[in-house]
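The values are calculated or read from the model by the stated rules, or taken from the named source; none is laboratory data. Just so it is clear, the model here is predicted, and its values are computed rather than measured. Cβ placement follows ideal geometry from the backbone for every residue including glycine, while neighbour counts extend to all protein chains displayed. In case anyone asks, the SASA skips ligands and DNA or RNA and just uses the protein heavy atoms, side chains included. Shrake-Rupley method; radii C 1.70, N 1.55, O 1.52, S 1.80 Å.
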Amino acid sequence: MSDVCLSHLLHPLTLKTTVSEWLKEDTPSFDYGGFVVGERIETAVLLCKGHGVLAGVPFVDAIFRELDCKVTWLEPEGISLTPICSVARITGKVRHLLLGERVALNCITRASGIATLVRKLHDVAKEHGWHGEIAGTRKTTPGFRMVEKYALLVGGISTHRYDLSSMIMLKDNHIWSAGDITKAVKDAKRVGGFSTKIEVECRSLQEALEAAQAGCDVVMFDNFKPKALHEAAQSLKSSHPHIITEASGGITEDTLSEYFGPHVDVISMSKTTQGYETVDFSFKIQKAGYNPENPLVEK
């Protein structure tokens, strides 16, 4: 997508701790398979066996770094892959290669699946000349959020807020518990201060106007049909042009373009991290006389 190195977003200590936990989860006690294969130096090839966008490179690097293996990438992150192709070669002690195999595959298949889906969404928005941003949501897999949010960026869309501490979002439960929108926004501004944006989930133009007048920064139009969305967004922008407007709820790849409009700034979709298909990768130790592409057995 660009020459920007997204891996620089990842704190090296956080990355190290995360992949270390993954590896310990997968081998909590004896490494029986490792005992069988030993420690001779071997090279494995990482193959992509499905169409998709390559994502998750820094996590695979970190996994094998923990195991003293060297990864040589043959394709850059963010590129669209056509099967069957070699994506990387990994060299190290054979038992270490196999300790990292499934952990790395679990990560890269999912990250690439997300990046593949959202690249399509990004391209749809670009084709329609829409000015706004498509974004993910906080509906991520527990313990896997960093990978999923990273993959959104590789695919070319926005992450939305990373967690509850990244932006104050006041949803229906907050409003009902606080009493009303104005009070909820006032209390949020007192603790969030000037440095933290406040978003309010709204189910009507009246609620959106109240949120804007109370001082919020972003209004989310939740579960609006396209026509109702565009009318409400236009009305809100006419009196509060500085407000960022977001559409969310029930938006699919097929209906996405219906939500594009001059008064809609953000479209968030939970499917980006909940309803994607993985990309098929495999990991094979290179050995003379064996085809690493592992074709189907016909007889």
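Quick check: residue separation of H8 and I285 times 0.36 nm, minus the Cα distance between them. What number comes out in nm? Don't skip to the answer; put the middle values down first.
Working: separation 277, 0.36 × 277 = 99.72 nm, distance 3.01 nm.
Extra length from H8 to I285 when fully extended: 96.7 nm.
Using the per-residue mean of other Cβ atoms lying within 10 Å as a proxy for protection, in what order, highest first, do the peptides 233-239, 149-155, 41-47 fall? If you can, show how the numbers build up before the last one.
Numbers: 233-239: 16.1, 149-155: 25.1, 41-47: 19.1.
Highest mean packing first, the order is 149-155, 41-47, 233-239.
Charges at C-beta only: +1 for Lys and Arg, -1 for Asp and Glu. How large is the resulting dipole of segment 12-153 about its Cα centre, in Debye rounded to 20?
160
Give me the Å³ per residue figure for the convex hull around the C-alpha atoms of segment 77-144.
Per-residue hull volume (Cα only) is 116 Å³.
Set the bar at 21 Å for Cα to Cα. Now go through K171/K271; K189/K271; K149/K197; K49/K271 and name every pair that lies beyond it.
Beyond 21 Å between Cα atoms: K189/K271; K49/K271.
Taking +1 at the Cβ of each Lys and Arg and -1 at the Cβ of each Asp and Glu, which of G34, F59, T91 sits farthest along the dipole of the chain towards its positive end, judged by Cα position relative to the Cα centre?
G34
Looking at the chain, send over the antiparallel percent of its DSSP beta bridges, to the nearest 5.
On the way: 19 of 38 bridges.
Beta bridges within the chain, antiparallel portion: roughly 50 percent.
Ranked highest first by average number of other Cβ atoms within 10 Å, how do 70-79, 261-270 line up?
Ranking the peptides 70-79, 261-270 by packing returns 261-270, 70-79.
Would you please classify the overall shape of segment 182-299 from the alpha carbon gyration tensor, given that a ≥ b ≥ c denote the square roots of the eigenvalues, rounded means a/c under 1.5, and beyond that prolate means a/b larger than b/c while oblate covers the rest?
Working: a/c = 4.38, a/b = 2.43, b/c = 1.80.
It comes out prolate by the Cα gyration axes.
Among G261, G249, Y290, whose Cα lies farthest out toward the positive end of the dipole of the chain, if unit charges sit on the beta carbon of Lys, Arg (+1) and Asp, Glu (-1)?
Value: Y290.
Taking the Cα centre of the chain as the origin, how large is its charge dipole in debye, to the nearest 20, when only Lys and Arg (+1) and Asp and Glu (-1) carry charge on their Cβ atoms?
On the way: 33 positive and 37 negative charges, 97 e Å.
My answer is approximately 460 debye.
How much of the accessible area of the chain, in percent, comes from carbon and sulfur atoms when a 1.4 Å probe is used?
On the chain, the fraction of accessible area on carbon and sulfur atoms equals 52 percent.
How large is the accessible surface per residue of the chain, computed with a 1.4 Å probe and reported in Å² as a whole number?
Heavy-atom accessible area per residue stands at 53 Å².
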